[in-house]
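Enquirer: Here it is: the structure, laid out below.
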Amino acid sequence: MPSANGHNGNGHNGNNGNGASRPRAEWIARRKAENEVGNFSQMHYARRGVVTEEMAYIAQREKLAPELVRDEVARGRMIIPANINHPELEPMCIGVASLCKINANIGNSAVTSDIAEELKKLHTSVHYGADTVMDLSTGGNIHEIREAILRHSPVPIGTVPIYEAISRVKRIEDLTASVMLEVIQEQAEQGVDYMTIHAGVLIQYLPMVSKRITGIVSRGGAILAQWMAHHHKQNFLYECFDDICKIFAKHDVSFSLGDGLRPGCIADASDEAQFAELATLGELTKKAWERLGKTVCAVPRSRDRTRHARRDPSRRLLQGGGILLDVRSQVLFDELLLQGGRVQPYSSRPRKERLFRCRGAPCHSEMSAGN
């Protein structure tokens, strides 16, 4: 088993010159040969009492008992984003029992599209301590850029599939469930470890945002809202959620249930729309668990939640063992270990100093939030 000394992002550990090393290649090959049910989810193995190589690696890295990691994954209180088509990955986890993790967003735009530049962003992100990276590319060559990122990344890579889906149609109104499932299938086969799915934005919630000051600030949420308002139909991601679960189980992809109706300002915080979506995300989390998927739910950082703590659906989700992501507009640097003006990489920080632990809920902070 490769040493769990933490990633360095330089791809030198056994690198053949074509990308990062492949520490999971043997594990995955053996698992594919032995698996007869077609479900490669870490939760699938954990619920059968199996401690996978990824769980053992993470236990060493987090200084936890392997059995604890397995049990937390089985309960849905910890996820291991580790697509079986991403052998370059050095396994990590997000959960109550683990350390807080930091995500960095990269990706091209309509005005710039360069693989070398995205790989530079990836290297910089990992070098300065990012535990996961999201490719939010919206410009050209999305598939090629993502392939390069995956083949060079030792950390989990996430995406928002609807971004690529809208690049395949002329108008948002032309989106279909089949186009979305095609994109999700392709990204899963390519090796994407986790995907943001805005399946909680339902058509009956749209009138609830009419009184908001900032409306719908989530790009994915706004896209789906426009589609539903035009077609007068339910969110196709919600309706084909079972199909997405099957794809995710086959390739061991983790859900990141996007908060498409998160508030954009304090005045809009804790409103009816936000709580309605959170309740739906809780329902979808349970459905994903039933199908042996892995789920985290994105929620906005506490702006005005203390006033409504008793009716906050996120409390019920946590009580049920769910994982909430703490999405914020930028990293609060007073919560990071700064030494000499530089954020120290994950592997070089003492355990008690790497990152703060969350109070009652795991946290997976984002350097920028645009989903």
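The values are calculated or read from the model by the stated rules, or taken from the named source; none is laboratory data. Since the structure is predicted, the reported quantities are computational estimates derived from the model, not experimental observations. Methodologically, a virtual Cβ is constructed for each residue, glycine included, from the backbone with ideal geometry; neighbour enumeration extends over all protein chains shown. SASA here: full protein model, heavy atoms, side chains in, ligands and nucleic acids out. Shrake-Rupley method; radii C 1.70, N 1.55, O 1.52, S 1.80 Å.
Enquirer: Of all residues in region 142-173, which are open to solvent by 20 Å² or more (accessible area, probe 1.4 Å) and out of contact with any helix residue (DSSP H, G or I) (no Cβ under 8 Å at 6 or more places or on another chain)?
Expert: Within region 142-173, Arg151, Lys170, Arg171 qualify.
Enquirer: Restricting to region 50-60, and then to whatever is open to solvent by 10 Å² or more (accessible area, probe 1.4 Å) and of a type outside the set (A, V, I, L, M, F, W, C), can you tell me which residue is nearest to Ala249 (Cα to Cα)?
Expert: Glu53
Enquirer: Report, ordered by the first and then the second residue, all pairs with beta carbons closer than 6 Å, sequence separation of six or more or different chains, a first member in region 67-86 that is open to solvent by 10 Å² or more (accessible area, probe 1.4 Å), and a second member that is assigned to a loop (DSSP other than H, G, I, E, B) and among the aromatic types (Phe, Trp, Tyr).
Expert: Going by the 6 Å Cβ cut-off, the qualifying pairs are Ile84/Phe40.
Enquirer: Let me ask something else. If I filter region 194-216 down to residues being among the β-branched types (Val, Ile, Thr) and free of Cβ contacts under 8 Å to residues at least 60 places away in the same chain, which single residue comes out as most open to solvent (accessible area, probe 1.4 Å)?
Expert: Ile213
Enquirer: Separate question: Mind checking whether some residue in region 245-252 is of a type in the set (Asp, Glu) and either out of contact with any helix residue (DSSP H, G or I) (no Cβ under 7 Å at 6 or more places or on another chain) or more than 27 Å from Arg146 (Cα to Cα) (or both)?
Expert: No.
Enquirer: So which residues in region 217-228 are crowded, with 23+ Cβ neighbours inside 10 Å and outside any helix (DSSP H, G or I), if there are any at all?
Expert: Ser218
Enquirer: Within region 175-184, is even one residue within 26 Å of Val37 (Cα to Cα), over 15 Å from the mean Cα position of the chain (by Cα), among the acidic types (Asp, Glu) and open to solvent by 10 Å² or more (accessible area, probe 1.4 Å)?
Expert: Checked region 175-184: at least one residue is within 26 Å of Val37 (Cα to Cα), over 15 Å from the mean Cα position of the chain (by Cα), among the acidic types (Asp, Glu) and open to solvent by 10 Å² or more (accessible area, probe 1.4 Å).
The rows are residues; the columns are (1) touching a Gly at 6+ places or on another chain (Cβ under 7 Å); (2) open to solvent by less than 60 Å² (accessible area, probe 1.4 Å); (3) within 19 Å of His86 (Cα to Cα).
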residue: Asn105; (1), (2), (3): yes, yes, yes
residue: Ala110; (1), (2), (3): yes, no, no
residue: Ser113; (1), (2), (3): yes, yes, no
residue: Glu117; (1), (2), (3): no, no, no
residue: His123; (1), (2), (3): yes, no, yes
residue: Val126; (1), (2), (3): yes, yes, yes
residue: Asp131; (1), (2), (3): no, yes, yes
residue: Met134; (1), (2), (3): yes, yes, yes
residue: Gly140; (1), (2), (3): no, yes, no
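Enquirer: Do you know which residues across region 236-276 are in a helix (DSSP H, G or I), farther than 21 Å from Gln190 by Cα and within 18 Å of the chain's Cα centre (by Cα)?
Expert: Tyr238
Enquirer: Exactly one condition in (1) farther than 30 Å from Ala59 by Cβ; (2) modelled with pLDDT of 95 or more is false for Asn85; which is it?
Expert: Evaluating Asn85 over (1) farther than 30 Å from Ala59 by Cβ; (2) modelled with pLDDT of 95 or more leaves (1) as the failure.
Enquirer: Quick check on my filter: what residues within region 30-49 are free of Cβ contacts under 8 Å to residues at least 40 places away in the same chain and either open to solvent by less than 60 Å² (accessible area, probe 1.4 Å) or in contact with a His (Cβ under 6 Å, 6 or more places away or on another chain) (or both)?
Expert: Asn35, Tyr45, Ala46, Gly49
Enquirer: Next question, about the same structure. Any residue that is closer than 26 Å to Ala148 by Cβ and modelled with pLDDT under 90 - is there at least one of those in region 56-67?
Expert: no
Enquirer: OK, next. May I ask you to list the residues in region 1-26 that are at pLDDT 75 or above and either under 21 Å from the mean Cα position of the chain (by Cα) or open to solvent by 20 Å² or more (accessible area, probe 1.4 Å) (or both)?
Expert: Of everything in region 1-26, those that are at pLDDT 75 or above and either under 21 Å from the mean Cα position of the chain (by Cα) or open to solvent by 20 Å² or more (accessible area, probe 1.4 Å) (or both) turn out to be Arg22, Pro23, Arg24, Ala25, Glu26.
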